[in-house]
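See below for the structure under consideration.
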Amino acid sequence: MSYKTIIGLEIHSELSTNSKIFCSCTTEYGGDPNTHCCPICLGLPGSLPVLNEKVVEYGIKAGLAFNSNIANHTKMDRKNYYYPDLVKGYQISQYDKPLCEGGYIEVDTENGKKKINLTRIHIEEDTGKSIHSKDGGTLLDYNRAGVPLIEIVSEPDMNSPEEAKQFLEKLKSVLQYIEVSDCKMEEGSLRCDVNINIVDEETGKKSTITEIKNLNSFKSAVKAMEFEQKRHIELLEKGEDTVRETRRYDDLKGETISMRTKEDASDYRYFPEPDIVDMEISNEWIENIRKSLPELPEDKMNRFIKQYDLPEYDAEVLTASKNLALFYEDTVSHSVDFKTASNLIMGDILRRLKDEDMEVEDMRFSSKEFADLIKIIDSGKISNKIGKKVLREMFEEGKDPNKIVKEKGLIQINDEGEIEKIVDETLDENPESIEDYKNGKDRALGFLVGQVMKKTRGKANPGIVNKLISKKLNS
Amino acid sequence: MDYNELSITRLKDKLESGEVTSVDLIEEYFKRIEKYDNSIEAFLTLNKEEALKKAKEIDEKRKNGEQLGYLAGIPVAIKDNISTKGLKTTCASNIIKDYIPPFDATVIENLKNADAIIIGKTNLDEFAMGSSTETSAFQITKNPWDISRVPGGSSGGSAAAVASQMAPFSLGSETGGSVRQPASFCGLVGLKPTYGLVSRYGLIAFASSFDQIGPFTRNVEDAAIVMNVIAGYDKMDSTSVKREKENYLDGLKNDIKGLKIGVPKEYLEGLEGNVKSQMEQSIKTFENLGAEVEMMSLPHSGYGLETYYILAPSEASSNLARFDGIRYGNRSSNYNNTEELFVKTRSEGFGEEVKRRIMMGTYCLSSGYYDAYYKKAQEVRTLIKNDFDKAFEKYDILISPTTLSTAFKIGEKNDDPIAMYQSDKLTVGVNIAGVPAISIPCGLSDNMPIGLQIIGKNFDEAKILNVAYNFEKEINFKQTPDLGGVK
């Protein structure tokens, strides 16, 4: 049997404006609980919201970057529901006239490029945060209440968790490029809800859509989708169906758990926010924002291919994140080889970042220091392998590569005479290896080279070591 | 001091000439409060200590010849749904009975900048929902003209305070007529400004798209003075309108010859007692003043009450959601989970009328009913607005009685919410359209005051005040409540 997966996403992204959506309180992350609050963001009786124009501008920016239509007339609405951290008993959001409609994000699939369509992008306020204490109590921190968000809603156009992941990565990258959000998932500035179901392609039977709420990393999003995909198929195969429900993903157990069924679907009683006047958005304003948009990932990639003569693959990897692209461009501006820089970034740096779950901007060394490292390697002063060691050191200590090389005495030994002494010493110590080699065991050569490198703590020029040992063994 | 001596204008003269000090004045008013408020029950909170302190400061400044604000040393009473920093603001509801706002409403800031002195907070229908000040969770305010009658509502406390001479002026708020109707019942001048002219910042919302703060004064000139202080653009209120500040005293005394006045015939149906004959008398008065008066029609006014009683509760159901037991201290002590906390806090904290309106509003906004009620009412709202726009193409102002009858008896309409809602019949249209209107006394019926309503087009407060001033001078309404009968 063959099954088709259908996935739609809703992404909430915190906008990186300095002040909140309806007041002048700071949006800065952290701070002691309830210190970034005023009567307006706390929704105190009598306080009134006044819309921060920057929020509208950022929303338009996002819409333009995702090819959406920007509304000329838009308004805010109230979404009414009860939750302890919801200060006013309603959330100010947008309902029937969102700021942006339509648009798309292009992703790479096995079958080439694919457009994932967007339904809408709208602006709204964030709520406070409930903190559940060990003794069963609930504490409330309203620092986040009134932080501006955009909600991006996709059409159910994705057909695999992989496509959804690509969509999320592209979306994050673009939002960072246009600097409307820092998309720090660990700080909650990017959150994602998934709607997923399965169609049996032979019978056309569909499973009922389930919603997975509040996924706070791409990794868990993908895992949650994979889990759901499997669960839906198994149920369909058993002739059962899923129920309309909201689930959450348990990272530790690696499974989704039902939170509530959708039978008692909330009635949000949306109506136009009477405290905020409707907004007219002029085409002139939209055009000015369009002009202010920076180079987007696609354009940057094409430029990288041309300007740095990089393969498309390299250019795509390097431009996937704005900060990575920036790091690359800064590095090569210190006149180092384009391709060497690309190789090291795509290999060692990205691997390390992934292992450590770090972002480019968290690295403890500068692009200048990184360029210095490439120069030392290219000059032959240290080997590639030592270079990687130095890079590791730079990651850990954040020190200048020249200093590391000097302090640890890592400069490559290129002196044939000096190396020959060590080679002779090694051969003397390992007569059985010489015997093995003569009996046709080629591995022995590698072992001997390794021994020399070990003795020199990796500093001997491996080319020379190889050459000398081969010469001596064959003589 | 006799009653008419207690106007802002006269008090200002006395203070400026040194005949009285601000401290004298504050003490005098608190004496009156001590004498009458046991019977009238207009005040919920008194601010005596702070008021005297402020009065001393102002007297000192005056002595030193320092620059003083326009209302320097003049006492004012404030409806208890307008936020006053450090002073309890309860909306006459148990749900926030101990709430002390950490900020001042913009109108309070304006009054303070003008050096007015807040003497206390006045009673109202709970969350301004009512037409009699009987739905207050704390006390029933009495009409100073006859304490067996209501003062009107919802700003009944503010009206009664001024009518019983416990304050020279006060602020109320309007959602469907809550300044004009009590002004009419208590024989005062009450003005509902154009929506957006006076900042709503700090006014605890009932229905945001209707609410507007307005003054109660003893005469029209005082209303103009208060408007000079409280009107103006406020960046804290997105619905506040950006426009030049106006001086409402300019042109106040100009004559009104040639003024075109329309009388909506729909507003003359169902009038009780002498209201109709007083209206006819008022029309004659205007004609004597050289105005042209004509009967005309506001064809959609028949839908006013229904439109209002769908839209206002809808907004109220949302505005009151914040009182959920999580903040503001008042919380049910008897709950097992969060939902129970919400439900029980609200069940225990809100009175019957508030609950009724929350239920109506929630129903009208709920999916499946939204189109039939809320949306439909919004459409009718536009029609009603258009009626006024069209009328003002032809007429400078419209006049009508403010209410169908004079003040009714306490308890008379308590068991019949619909009858109670009818009290707003002649005032709601103005709130629906957002236009300004004033109520001024025009006569008596069985020794109870009757109000005349003067309606203008948007931002035509100056015109309304000018017309009202001429009318007031012409009829010379001097009757005052017999406070000797108040025990």
Scanning region A:79-98 for residues that are within 7 Å of chain B (Cβ to nearest Cβ) and closer than 17 Å to residue A:123 by Cβ, the one surrounded by the fewest Cβ atoms within 10 Å (Cβ to Cβ) turns out to be A:88
Can you find a residue in region A:3-19 that is assigned to a helix (DSSP H, G or I) and in the same structural domain as residue A:274 (by the TED database)?
-> no
Residue A:289 crowded, with 19+ Cβ neighbours inside 10 Å, assigned by the TED database to the domain that holds residue A:108 and out of contact with any His (no Cβ under 6 Å at 6 or more places or on another chain) = no
Could we say that residue A:411 is assigned to a helix (DSSP H, G or I) and touching a helix residue (DSSP H, G or I) at 6+ places or on another chain (Cβ under 7 Å) here?
-> no
Hey, can you tell me all the residues within region B:275-292 that are farther than 17 Å from residue B:401 by Cα and charged (D, E, K, R)?
-> B:292
If only one of B:135, B:106 is more than 15 Å from the chain's Cα centre (by Cα), open to solvent by 10 Å² or more (accessible area, probe 1.4 Å), modelled with pLDDT of 95 or more and within 26 Å of residue B:449 (Cβ to Cβ), which one is it?
-> B:135
Exception for residue B:219 within (1) open to solvent by 10 Å² or more (accessible area, probe 1.4 Å); (2) in contact with a Phe, Trp or Tyr (Cβ under 6 Å, 6 or more places away or on another chain) falls at (2)
Which is in contact with a strand residue (DSSP E or B) (Cβ under 8 Å, 6 or more places away or on another chain), within 30 Å of residue A:76 (Cβ to Cβ) and either at pLDDT 95 or above or open to solvent by less than 10 Å² (accessible area, probe 1.4 Å) (or both), of B:152, B:190, B:177, B:157?
-> B:177
Which one is nearest to the other protein chains (Cβ to nearest Cβ), of the residues in region B:313-365 that are within 21 Å of residue A:132 (Cα to Cα) and surrounded by fewer than 16 Cβ atoms within 10 Å (Cβ to Cβ)?
-> B:339
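Filter region A:121-141 down to the residues that are among the charged types (D, E, K, R) and not in a loop (DSSP other than H, G, I, E, B), then identify the one that is modelled with the lowest pLDDT.
Among residues in region A:121-141 that are among the charged types (D, E, K, R) and not in a loop (DSSP other than H, G, I, E, B), the one modelled with the lowest pLDDT is A:129.
This table checks each residue for (1) under 18 Å from residue B:455 (Cβ atoms); (2) in a helix (DSSP H, G or I); (3) more than 14 Å from chain A (Cβ to nearest Cβ).
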| residue | (1), (2), (3) |
| --- | --- |
| B:209 | no, no, no |
| B:222 | no, yes, yes |
| B:225 | no, yes, yes |
| B:228 | no, yes, yes |
| B:278 | yes, yes, yes |
Among residues of region A:397-408 being open to solvent by 40 Å² or more (accessible area, probe 1.4 Å), assigned to a helix (DSSP H, G or I) and in contact (Cβ under 8 Å) with a residue 12 or more places away in the chain, the residue farthest from residue A:468 (Cα to Cα) is A:397
Considering region A:52-73, residues that are buried (at least 21 other Cβ atoms within 10 Å of the Cβ) and more than 24 Å from the chain's Cα centre (by Cα), and then whichever is nearest to the other protein chains (Cβ to nearest Cβ), we arrive at A:52
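Checking the structure you have, find out if any residue of region B:399-411 is within 14 Å of chain A (Cβ to nearest Cβ), open to solvent by 30 Å² or more (accessible area, probe 1.4 Å) and out of contact with any strand residue (DSSP E or B) (no Cβ under 8 Å at 6 or more places or on another chain).
So far as region B:399-411 goes, no, none of its residues is within 14 Å of chain A (Cβ to nearest Cβ), open to solvent by 30 Å² or more (accessible area, probe 1.4 Å) and out of contact with any strand residue (DSSP E or B) (no Cβ under 8 Å at 6 or more places or on another chain).
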Test: residue in region B:236-243 that is on the phi < 0 side of the Ramachandran plot, open to solvent by less than 10 Å² (accessible area, probe 1.4 Å), charged (D, E, K, R) and within 14 Å of chain A (Cβ to nearest Cβ) = yes
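The values are calculated or read from the model by the stated rules, or taken from the named source; none is laboratory data. Given the structure is predicted, the values throughout are model-derived calculations rather than measurements. Please note: Cβ atoms are built from the backbone with ideal geometry, for glycine as well, and neighbour counts cover all protein chains shown. Just so you know, the surface numbers come from the protein's heavy atoms only, side chains and all, with ligands and any DNA or RNA stripped out. Shrake-Rupley method; radii C 1.70, N 1.55, O 1.52, S 1.80 Å.
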